[in-house]
Amino acid sequence: MAQQIRVSKLTKDALTATDPNDFILHSAYNSFFILASGVLTSQSVDADPKTFSVAHGLSYTPLVFAFAKYPDGYVSLPWEGQRTSTMLYTRRFLVQVDGTNVYFVFYQGGTGTYSVDIAYYIFNSSL
Amino acid sequence: MTQKIVLTKSGFNAVTETDARNKIFDSSYETLKYFSSGEVTVARSGASASGTFTHNLGYIPFFIVYVDYSADDADFVQCPFYFADFTGYVFIAAWADSTKLYFEVEASVAPPSTLTYHFEYKIFRNDTGL
């Protein structure tokens with residue numbers, strides 16, 4: 001029998017449980033972990049679009065995720081705009097990634113220059 | 001030397017493997033840690049509607065939100081979600097601050113009858129640092 005390392009949730013039996021959701025860690029299943037994360041503060045969106053980038057230093061294109069904090073103080077998911085504005089013709093951002101960099105592309109949406117904070121996560125999974 | 005726990009995929013050496021894609025677990029790296037998940041229902045009878053969930057973490061956490069805008073509560077899409085055609089548009093989104101998640105729907109017109117949106121959220125303990 002193949003050896004496994006299993007850590008189950010409280011009340012679940014690590015020896016007999018079969019649902020992957022019953023485990024905190026199971027050596028038969030890949031875990032999603034964070035290779036790198038960071039925050040870019042006070043980035044000026046002074047062009048439309050304006051692109052910021054971070055070199056990820058990996059030999060492949062990783063799965064990434066990011067959030068942006070707009071001047072109104074609310075944090076947005078990719079492709080969302082600032083909460084306290086009309087949803088059409090507003091600020092937006094998207095996340096792109098290739099084999100070298102993670103890119104954060106911000107749009108002014110006709111609102112002029114503004115400042116954002118960006119949080120990003122780079123995971124151990126490749127695209 | 002710093003001690004750590006490394007589990008690799010079958011066929012890879014945990015002592016020498018450097019490619020994270022070949023690892024099941026590596027204690028050198030942070031993971032996403034669950035805090036809360038659930039559903040918030042938002043009913044829209046006008047052009048817009050909203051709902052909230054209070055997490056009270058005191059910081060802005062890593063979060064993901066899906067929404068089911070159909071009646072069967074089974075077809076979820078990741079937020080934000082846009083739809084537009086010649087009749088108008090609808091925009092469904094979620095935001096966060098240090099105390100709440102905000103779920104909002106904005107459309108170009110009010111629906112003929114009330115529409116219900118099911119927002120499914122996952123909040124992790126990870127502080128975004130924002």
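Of the residues examined, B:D75 is one that is outside the structural domain of B:I5 (by TED's automatic domain parsing), acidic (D, E) and open to solvent by 40 Å² or more (accessible area, probe 1.4 Å). The number of residues in the stretch A:71-127 that are closer than 22 Å to B:F103 by Cβ, of a type in the set (A, V, I, L, M, F, W, C) and facing another protein chain (nearest Cβ under 9 Å) comes to 6. How many residues are out of contact with any Leu (no Cβ under 7 Å at 6 or more places or on another chain) and without any contact (Cβ under 8 Å) to a residue 24 or more places away in the chain if we restrict to the stretch B:47-83? Qualifying residue count, the stretch B:47-83: 9.
For the stretch B:78-102, taking the residues that are aliphatic (A, V, I, L, M) and open to solvent by less than 20 Å² (accessible area, probe 1.4 Å), the one that is farthest from B:E120 (Cα to Cα) is identified as B:A96. Answer yes or no: is there a residue in the stretch A:28-39 that is more than 9 Å from chain B (Cβ to nearest Cβ) and surrounded by fewer than 16 Cβ atoms within 10 Å (Cβ to Cβ). No - not one qualifying residue is present in the stretch A:28-39.
Taking A:F52 as the residue in question, decide whether it is facing chain B (nearest Cβ under 8 Å), within 30 Å of A:F104 (Cα to Cα) and either touching a residue at least 40 places away in the same chain (Cβ under 8 Å) or open to solvent by less than 40 Å² (accessible area, probe 1.4 Å) (or both). So A:F52 does not fit the description; no. Quick check: anything in the stretch A:59-68 more than 12 Å from every other protein chain (Cβ to nearest Cβ) and surrounded by 15 or more Cβ atoms within 10 Å (Cβ to Cβ)? For the stretch A:59-68, residues more than 12 Å from every other protein chain (Cβ to nearest Cβ) and surrounded by 15 or more Cβ atoms within 10 Å (Cβ to Cβ): present.
Each row is one residue, and each column tells you yes or no for (1) modelled with pLDDT under 95; (2) over 21 Å from B:T31 (Cα atoms); (3) of a type outside the set (S, T, Y).
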site: A:N21; (1), (2), (3): yes, no, yes
site: A:S27; (1), (2), (3): yes, no, no
site: A:N30; (1), (2), (3): yes, no, yes
site: A:S53; (1), (2), (3): no, yes, no
site: A:A66; (1), (2), (3): no, no, yes
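The strands (runs of 3 or more DSSP E) located wholly in the stretch B:37-130 that include 3 or more residues which are aliphatic (A, V, I, L, M) occupy B:61-68, B:88-96, B:100-107. Here B:F12, B:F35, B:F53 are screened, and the one residue that is in contact with a His (Cβ under 9 Å, 6 or more places away or on another chain), closer than 30 Å to A:K9 by Cβ and surrounded by 13 or more Cβ atoms within 10 Å (Cβ to Cβ) is B:F35. Can you say whether B:T2 is outside any loop (DSSP other than H, G, I, E, B), more than 19 Å from A:S125 (Cβ to Cβ) and open to solvent by 60 Å² or more (accessible area, probe 1.4 Å), as far as the supplied structure shows? Judged against the criteria, B:T2 is not a match.
Restricting attention to the stretch A:14-26, the residues that are open to solvent by 80 Å² or more (accessible area, probe 1.4 Å) and either farther than 20 Å from B:T8 by Cβ or among the small types (G, A, S) (or both) total 4.
The values are calculated or read from the model by the stated rules, or taken from the named source; none is laboratory data. Everything numeric here is computed off the predicted structure, so don't read it as measured data. In this analysis, Cβ positions are derived from the backbone assuming ideal geometry, glycine residues included, and neighbour counts consider all displayed protein chains. Side chains are part of the model used for accessible areas, which takes the heavy atoms of the whole protein and leaves out ligands, DNA and RNA. Shrake-Rupley method; radii C 1.70, N 1.55, O 1.52, S 1.80 Å.
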